[in-house]
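Have a look at the structure below before the remarks.
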Amino acid sequence: MRYHDSVQPLLISYLTGIVCGMQTAKRTIYTLIRQIPRGKVMSYGQVAACCPPLTARQVGRIMAGTLDDDLPWWRVVGSDGSLRIHKRDPMLAQLQKAYLQSEGVQFTSDGRVQMTPEQLADPATFEVQLE
């Protein structure tokens, strides 16, 4: 038996576990984001804190690949209120700002969401509690 013949099944098992774990994380993140009320926002870090052991960066990466039409992605912003999607596409940042403004979200003079308690979603009030 060659070395790679014995390692290959372990590698496949490991990679399958990662993919399954990411699918579970994706479902959890999407469940959480769908519950953010109109006129409220959460930061990527707040979403990650509800979905341990994920980080804010991992939440952003997972969200970047979304194709779900019913996911209110625009309600997730940077911890400082910035529209992080600007790095990916400035037009999407304009769309995000328009969506948020139409929901009554207030912005600072430099274009950031005002991260006040009145505008932050509280996951403890969500109907579907995460595992």
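Numbers for the structure displayed
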{"item": "Whichever lysines have a C-alpha closer than 21 Å to that of Lys97, once near sequence neighbours (fewer than 8 apart) are set aside", "result": "Lys40, Lys87"}
{"item": "Inter-centroid distance (Cα atoms) of region 76-131 relative to region 37-59, Å", "result": "11 Å"}
{"item": "Fully extended contour minus Cα-Cα distance, from Glu118 to Gln94, at 0.36 nm per residue", "result": "6.4 nm"}
{"item": "For a label point 7 Å along the Cα-to-beta-carbon line of His86, residues of region 43-69 with backbone N under 13 Å", "result": "none"}
{"item": "Peptide ranges 91-100, 116-125, 39-48, 72-81 listed from the most packed, as the mean C-beta count within 10 angstrom indicates", "result": "39-48, 72-81, 91-100, 116-125"}
{"item": "Residues whose placed amide H lies under 5 Å from that of Val41, excluding near-sequence neighbours", "result": "Leu120, Ala121"}
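Any read-out appearing in this document is the output of simple, stated calculations on the displayed coordinates, not a laboratory observation. Here the structure is a predicted model, which is why all the values come from computation and not from measurement. Counting neighbours? That spans all protein chains shown, and the Cβs are built from the backbone with ideal geometry, glycine included.
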